[in-house]
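Some notes on the structure that comes next.
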Amino acid sequence: MKQGLFDALIGKQWAVKRGYLPADPYLETILGQVELDASLRSRKPSPIMNRGYFARVECIQSLIRSFLQSHSESLEVQMVNMGCGYDTLSLQLIAAPEKNFSSIFEVDYNENIERKAAFLSNSEKLLVSKITDVECGYDIAFTETTETSLRLLGSDLNDSSSVLLKLVGA
């Protein structure tokens, strides 16, 4: 479980460094707070892994753009990011100047969500003004005016009933 979190962070970092992906201002902030041993930090993904990471990120972002375009008249557009780990996609979407989601829910194991909430609260660069511990997770408020709410939800991803209850309760 943890290895996958770190592989995704390192993979994205290298894909950005090699020009496969545009700069991600949130990535370095989170990477600066994650404790990785030297072997992980120095590991260099192969070009095929960089291309694969690019393809995955571009595919997801393309689907999101398409979804937003097809729902441009909708007032309440929500997104759920299952197994979000330390992904920065929600932060990028919230900061984007174009129409965004009314709510974004990120769901992952409790430990990952707690650490991500800590990363967000410990960074001045992420413009988080307040993190509220609520019954089902964390509400994130930003210093910049945004109409998008972000909620981090901790749940056992292997238990679909538990995940559904958390989402309904949010």
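The values are calculated or read from the model by the stated rules, or taken from the named source; none is laboratory data. As the structure is a computational prediction, the values presented were derived from the model and not from experiment. Note: accessible area is taken over every heavy atom of the protein model, side chains too, but ligands, DNA and RNA are not part of it. Shrake-Rupley method; radii C 1.70, N 1.55, O 1.52, S 1.80 Å.
Note down the accessible area of residue 162, probe 1.4 Å, to the nearest 10 Å².
Accessible area of residue 162: about 30 Å².
For residue 77, what residues show an amide H to amide H distance below 5 Å, using hydrogens built from the backbone and excluding near sequence neighbours?
102, 103
HN-Hα J couplings of segment 155-170 from phi, Karplus 6.51/-1.76/1.60, θ = phi - 60°, integer Hz, Gly and Pro as x?
7, 7, 5, 7, 10, 4, 5, 5, 4, 4, 4, 5, 5, 5, x, 7
Tell me, what ³J(HN,Hα) does each residue in segment 69-86 have, in order and in whole Hz, if you take phi through Karplus 6.51 cos²θ - 1.76 cosθ + 1.60 with θ = phi - 60° and put x for Gly and Pro?
5, 6, 10, 5, 8, 6, 8, 10, 10, 10, 10, 10, 10, 7, x, 5, x, 9
Using a 1.4 angstrom probe with every protein chain in place, what is the largest-first accessible-area order of 142, 54, 101?
Greatest to least solvent exposure: 54, 142, 101.
Counting only residues 5 or more places away or on other chains, whose amide H sits under 5 Å from the amide H of residue 150 once H atoms are built in the peptide plane?
Under 5 Å from the amide H of residue 150: 104, 140.
For residue 44, what accessible surface area do you get with a 1.4 Å probe? Give it in Å², rounded to 10.
Probe radius 1.4 Å; accessible area of residue 44 about 130 Å².
Here are some pairs, 44/116; 12/166; 17/130; 44/166; 17/166; which of them have Cα atoms lying more than 26 Å apart in this structure?
12/166; 17/130; 44/166; 17/166
Taking θ = phi - 60°, what integer Hz values does the Karplus form 6.51 cos²θ - 1.76 cosθ + 1.60 yield along segment 10-20, in sequence order, with x for Gly and Pro?
Result, ordered by residue: 5, x, 5, 4, 5, 5, 5, 4, 8, x, 6 Hz.
If DNA, RNA and ligands are ignored and the probe is 1.4 Å, what is the ranking of 79, 49 by accessible area, most exposed first?
From most accessible down to least: 49, 79.
When every alpha-carbon pair in segment 54-111 is counted, what percent end up more than 15 Å apart?
So the pairs more than 15 Å apart make up 52 percent of the total in segment 54-111.
So how much accessible area does residue 156 have, in Å² to the nearest 10, using a 1.4 Å probe?
The accessible area comes out at roughly 70 Å².
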